[in-house]
Each structure stands twice: as structure tokens, then as C-alpha cells.
Amino acid sequence: CDFDLSLDVNGDCEVSLPDLVLTAENWLLLPETTIRIQENEPGFVFVDGTIDSNNAGFTGTGFANTFNQAGAYIEWRVGAPRAGSYDLQWRYANGVTTDRSGTVTVNGTPQVSGVNFSGTGTWTTWELSSKVTVQLQEGSNLIRLVGEVSGHGLANIGWMEVTGLAPQGVSH
Ligand code: GCU
Ligand code: CA
């Protein structure tokens, strides 16, 4: 069915110009949603390392394995219809006991550091990271997860999830 939502913005007790009429056609729904970006899907941009599939238990076609050095990173590109807060979470495996923590930068600016990717016991044991909140700008955002630990880089990363108002993986 068709519906209009009319707002008497100028307070003259009638709906006419210059009031606001939102029709079913121009109403933009921005539901709170979660998207999951696999290494072979729109939104995955780059791994400073390799896409591997030798350690079982991953989803999709594999996982992103950074080089084992501080500063090694993985990049995603996420579109946001409005500027605001979005939550990020990763599925990862870390077969060593060192916490391979990471820093999240958005469009080149560091926003969250010390994101924990602690040991999962084996390279085939996959766990979820904590969720971290970042601010995205309206439009396209380059999200980079950067390994902080010298001689280690990041844990193996299976996917990233983004939760907020209608985020989208952006391919290009
Ligand atoms: C092992 C494992 C890799 C992992 C690497 C590391 O080689 O198979 O998937 O990335 O250790 O220490 O980072
Ligand atoms: Ca590695």
C-alpha cells in the first residue's frame, strides 16, 4: 500500500508548501544492520600478506594472513549512508600465545588502539574479537586494521562484521 508522512513544519496547522511530505517513494529506510565481509567479497580491499586456506575452520574461501611484522595491515572499504557510530568485529585465529593486538584507522586517522587478538590455542581455532566502535563519515570509508606487535603482525583474520545504519561493502 501507499502512505505519506506529512509534517506541519511551519506550524500553520495545515500541510502545504513549505511543509515536508515524505512519500513511500522518497522515504529512505536506514535499518540497523550487520554486514559480514569475507576476503573474496565487496568491501575487502587488501592484505599486507596473503589470502590463505591452509588452516581449517575458516568461512568463505580463506582468511587474510598478514606478514609477521608490526605495521602489517588489512584494509576494507565500507560505505555509510550517514556519518555516525559503527561497530566492528573480527573472526580470527591466533595459534601463538602473544596477543597480536591491532590499531584501527579510518580514512587514515587512528581511532582505536589495543584491539585484542589474543591466542586461540591453535591456528584452526577461530574466535570473535571484542566489538569496537568507530566513527564513519558519510560515503566511503577506508578501514585499516594494523598489527601493533613487532615480529608478529596480526592474527589470521577470517572476516570483519560492521553493524550500524545500513553499512555496505564497497568494491572498486
Ligand atoms: C603459521 C600459520 C599461519 C600464520 C603464521 C603466523 O605459519 O600457518 O597461518 O599466519 O603461523 O605466525 O602468523
Ligand atoms: Ca601471519
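If you stretched the chain out fully between GLU41 and GLU127, how much longer would it get, using 0.36 nm times the residue separation minus the C-alpha to C-alpha distance?
28.9 nm
With the crude spin-label approximation of a point 7 Å out along Cα→Cβ, what separation in nm comes out for VAL15 versus ALA56?
6.0 nm
Cut-off 10 angstrom, C-alpha nodes, Gaussian network model of the chain. Which of LEU154, LEU20, LEU136 fluctuates the most?
LEU20
Kindly provide the Kirkwood hydrodynamic radius of the range 42-84 in Å, to one decimal, from all pairs of distinct alpha carbon atoms. Show your work: numbers first, answer last.
On the way: mean 1/r = 0.0826 Å⁻¹.
With all distinct Cα pairs of the range 42-84 included, I get 12.1 Å.
Could you check how much of the accessible area of the range 57-135 is carbon and sulfur, as a whole percent, using a 1.4 Å probe?
46 percent
In the range 44-108, which trypsin sites (Lys or Arg not before Pro) fall in coil by DSSP and have 15 or fewer other Cβ atoms within 10 Å?
For trypsin sites (Lys or Arg not before Pro) across the range 44-108 that sit outside H, G, I, E and B with at most 15 neighbouring Cβ atoms in 10 Å, the list reads ARG82.
Going by a ≥ b ≥ c, the root eigenvalues of the Cα gyration tensor, does the range 6-70 fall in the rounded group (a/c under 1.5), the prolate group (a/b larger than b/c) or the oblate group?
prolate
Hey, what D do you get for the range 120-172 in µm²/s if you plug the Kirkwood alpha-carbon radius into Stokes-Einstein at 37 °C and 0.692 mPa s?
236 µm²/s
Over the chain, with a Gaussian network built from C-alpha contacts below 10 Å, which listed residue (PRO31, PRO42, PRO110) shows the highest mean-square fluctuation?
Greatest mean-square fluctuation among the candidates belongs to PRO31.
Looking at the calculated P(r) for the range 54-172, what percent of the C-alpha pair distances fall above 20 Å? Please list the in-between numbers first.
Numbers: 2718 of 7021 pairs.
Roughly 39 percent, rounded to a whole number.
State which stretch of the chain is the longest one without any exposed chymotrypsin sites (Phe, Trp or Tyr not before Pro), exposure meaning a DSSP loop state and at most 16 other Cβ atoms within 10 Å.
68-172
Around GLY158, under 13 Å between beta carbons, what's the net of Lys plus Arg minus Asp minus Glu among the other residues?
Charge balance near GLY158 sits at -3.
Tell me the GluC sites (Glu not before Pro) within the range 111-154 that lie in a loop according to DSSP and have at most 12 other beta-carbon atoms within 10 Å.
GLU138
Grab the other residues whose beta carbon is less than 15 angstrom from that of ASN94, score K and R as +1, D and E as -1, and report the net.
Working: positive: ARG91, ARG100; negative: ASP52, ASP99, GLU127, GLU148.
Once positives and negatives cancel, what remains is -2.
Please work out the Cα convex hull volume for the range 1-118 and give it in Å³ per residue.
Working: hull volume 20.9 nm³, N = 118.
Measuring per residue, one finds 177 Å³ for the Cα hull of the range 1-118.
DSSP loop (so not H, G, I, E, B), at most 14 other Cβ within 10 Å: list which GluC sites (Glu not before Pro) in the range 22-104 pass both filters.
GLU25
The values are calculated or read from the model by the stated rules, or taken from the named source; none is laboratory data. Please read all numbers here as calculations on a predicted model, not as lab measurements. With ideal geometry, Cβ positions are generated from the backbone for all residues, glycine too; neighbour counts draw on all protein chains shown. Surface areas here come from the heavy atoms of the whole protein model, side chains and all, with no ligands, DNA or RNA. Shrake-Rupley method; radii C 1.70, N 1.55, O 1.52, S 1.80 Å.
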